[in-house]
Amino acid sequence: QVQLVESGGGLVQAGGSLRLSCAVSGRTFSNYCMGWFRQAPGNEREFVAAITWSGGSTYYADSVKGRFTVSRDKAKNTVYLQMNSLKPEDTAVYYCAADPSARTIVRGTGSSWGQGTQVTVSS
């Protein structure tokens with residue numbers, strides 16, 4: 001099992017930036033894909049971005065392409081989500097997830113999840 005702990009959420013004005021972090025620990029995850037998801041009140045959870053731990057291949061939802069960047073620091077066992085040009089519609093609880101399959105992550109689920117961190121973008 002992989003353990004995930006998110007941090008870095010908060011309140012920011014539209015047009016601002018935030019960087020979310022996801023600390024990864026547990027069993028070997030060198031072949032895992034790490035994903036970011038979000039869920040706004042009344043909405044279903046949606047895929048945001050993902051990165052493969054070994055090769056660093058990245059995937060993005062169309063809604064965040066060009067504004068968000070996912071990365072990982074192998075030395076720190078941490079995955080990041082840099083969010084720029086934030087919009088009020090980005091307001092949601094953001095979750096980090098992990099799965100051995102990139103396809104599973106991109107399709108919207110995963111085997112391990114963090115507790116989530118709130119991001120609020122004011123207009």
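Viscosity 1.567 mPa s, temperature 4 °C: what is the translational diffusion coefficient of segment 1-59 from Stokes-Einstein with a Kirkwood Rh over Cα pairs, rounded to a whole number of µm²/s? Please list the in-between numbers first.
Working: Rh = 13.4 Å.
The estimated diffusion coefficient comes to 97 µm²/s.
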Can you give the convex hull volume of the alpha carbon atoms of segment 67-123 per residue, in Å³? 102 Å³
For segment 13-25, take each phi angle, set θ = phi - 60°, evaluate the Karplus expression 6.51 cos²θ - 1.76 cosθ + 1.60, and give the result in whole Hz per residue in order, putting x for glycine and proline. 7, 4, x, x, 10, 9, 10, 8, 10, 9, 7, 10, 8
Lone cysteines in the chain, going by a 4.7 Å Cβ-Cβ cut-off? Cys33
Report ³J(HN,Hα) in whole Hz for each residue of segment 80-89, in order, from the Karplus equation J = 6.51 cos²θ - 1.76 cosθ + 1.60 where θ = phi - 60°; Gly and Pro get x. 10, 10, 8, 10, 10, 6, 5, 10, x, 6
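Per residue, how much accessible area does the chain show when a 1.4 Å probe rolls over the protein heavy atoms, in square angstrom? Walk me through the numbers on the way to the answer.
On the way: 6030 Å² over 123 residues.
Spelled out: the 1.4 Å probe surface of the chain, per residue, equals 49 Å².
Determine the share of segment 30-84's accessible area contributed by carbon and sulfur atoms, expressed in whole percent, with a 1.4 angstrom probe.
Details: 1080 of 2680 Å².
C and S fraction of accessible area: 40 percent.
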Under 14 Å from a point placed 7 Å out from the Cα of Val5 along the Cα-to-Cβ direction: which residues of segment 73-107 have their backbone N that close? 77-79
P(r), alpha carbons of the chain - 10 Å bins starting at zero, rounded %: 15, 51, 29, 5, 0
Find the centroid of the Cα atoms in segment 79-112 and in segment 7-47, then give the distance between the two in whole Å. 5 Å
For the chain, what does -39500 (n - 2.57) per DSSP helix run (n ≥ 4), summed and divided by total residues, give at 222 nm, in deg cm²/dmol to the nearest 500? -1000 deg cm²/dmol
Explain nothing, just compute: Karplus ³J(HN,Hα) = 6.51 cos²θ - 1.76 cosθ + 1.60, θ = phi - 60°, for every residue of segment 50-66 in order, whole Hz, x for Gly and Pro. 8, 8, 7, 5, 6, x, x, 5, 10, 9, 9, 6, 4, 5, 10, 4, x
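The values are calculated or read from the model by the stated rules, or taken from the named source; none is laboratory data. All of these numbers come straight from a predicted model, not from anything done at the bench. All Cβ positions, even for glycine, are placed from backbone atoms using ideal geometry, and neighbour counts span all protein chains on display. For accessibility, only protein heavy atoms count, side chains too; no ligands or nucleic acids. Shrake-Rupley method; radii C 1.70, N 1.55, O 1.52, S 1.80 Å.
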